[in-house]
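The values are calculated or read from the model by the stated rules, or taken from the named source; none is laboratory data. Just so it is clear, the structure is predicted and the values come from calculations on it, not from any experiment. We place every Cβ from the backbone using ideal geometry, glycine too, and count neighbours over all the protein chains shown.
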């Protein structure tokens, strides 16, 4: 029988709309913690008072309730604070009583060298990162796609949908990032042009919404770096021309010549000194010292970059500074929105490893060609996922001086 009225989840436009989707998310979580064969799911129920789905867990042997998983209905993310801890589930399944507080898993609190090698992945970043090992990345640096600022970026029907997608990717970035390491994001407000002269254009404060998401996803805010472009760079947007012509009050709109480079650290009770002091490769720490001519303020004056192959790339100099200032030699640097791979180029030049994820085949093709220029014959060792390997025949290894 077809349901005539929409469910509560559908009427409220939740991201998780039905029992089947809640079960699918829960099954993935159980598999991730290794309890898929020990725990059975009860009937998921939506709790619209708190905008969550509650999925009860029962022991597969005696069908007694042992806990529950709480899923944020609006974002589809697991609410870790409200859900039963996996270690508590294990204890209840084994009939053990809790003896003191639950401790963190062994990997947390250890400063280990990642085994991940240079990798290029052709896939949606959310899906690709879901299969990536936890705490295997040392730095995340990215510039997410603009929200519908240009016709080629019209992938999202609403701004809320755009933010939800970013939150899901950020959630995965937190999982794969090593303890106390940094996520740096280049982002700026966007101008959504008016559809007709009777409407007003809108300027959306994207950086502040992303900041809120990062805090909710357990990142601590560290710094706001202002990337300043040469005077006149913002005139291409057309903003400010009306005021320049008429000079009427209320019409003033400054020409945007800046973008934010926002710096966050994965939340931990350990100081940054711990990441330096406990690094297992002391030679890498020594070799990663910043030279004297470093940027001393949070105002970075860098000329924008342009290429015919991509509508909005950030300049190599920007990536080079971020990689140099927020990682050690040998570290793994992730860019989940890789574009044509500028982050990878900077990582390679500075003796770091790269993980580049990009869903557009034409940009991955640009990366495949560029990898050979970055590391020469060593491109043979790069892992290419869902795309052909780079062609390295007849090449000699390249060397860089960092």
Problem set entry | Qualifying residues in the range 306-318 (those that are surrounded by 16 or more Cβ atoms within 10 Å (Cβ to Cβ) and part of a loop (DSSP other than H, G, I, E, B)) - the one modelled with the lowest pLDDT | 312
For this session: Go through 5, 17 for me and flag whichever is exposed (fewer than 15 other Cβ atoms within 10 Å of the Cβ) and farther than 19 Å from residue 87 by Cα.
Result: 5
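Going through 340, 333, 323 one at a time, which residue ends up being at pLDDT 90 or above, part of a loop (DSSP other than H, G, I, E, B) and under 18 Å from the mean Cα position of the chain (by Cα)?
Numbers: 333 fails: part of a loop (DSSP other than H, G, I, E, B); 323 fails: part of a loop (DSSP other than H, G, I, E, B).
Answer to the check: 340.
Go through 303, 297 for me and flag whichever is without any contact (Cβ under 8 Å) to a residue 12 or more places away in the chain and under 16 Å from residue 227 (Cβ atoms).
Details: 303 fails: without any contact (Cβ under 8 Å) to a residue 12 or more places away in the chain.
Just a single option satisfies the conditions, and that option is 297.
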For this session: Check off (1) modelled with pLDDT of 85 or more; (2) in a loop (DSSP other than H, G, I, E, B) for residue 57 and give me the number that stays unchecked.
Result: (2)
Problem set entry | Selected residue (only one of 370, 346, 379 is surrounded by fewer than 24 Cβ atoms within 10 Å (Cβ to Cβ) and either touching a helix residue (DSSP H, G or I) at 6+ places or on another chain (Cβ under 6 Å) or assigned by TED's automatic domain parsing to the domain that holds residue 285 (or both)) | 370
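Which is surrounded by 17 or more Cβ atoms within 10 Å (Cβ to Cβ) and more than 20 Å from residue 161 (Cβ to Cβ), of 43, 69? Steps first, answer last, please.
Values: 43 fails: surrounded by 17 or more Cβ atoms within 10 Å (Cβ to Cβ).
Just one listed residue meets the conditions, 69.
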Seminar exercise, completed: Conditions (1) surrounded by fewer than 17 Cβ atoms within 10 Å (Cβ to Cβ); (2) in contact (Cβ under 8 Å) with a residue 24 or more places away in the chain; (3) in contact with a helix residue (DSSP H, G or I) (Cβ under 9 Å, 6 or more places away or on another chain) -> residue 321 fails only (1)
Exercise. Which residue, of 99, 104, is within 30 Å of residue 352 (Cβ to Cβ) and modelled with pLDDT under 90?
Worked result: 104
For this session: Go through the range 116-157 and count every residue that is in a loop (DSSP other than H, G, I, E, B), modelled with pLDDT under 85 and over 17 Å from the mean Cα position of the chain (by Cα).
Result: 7
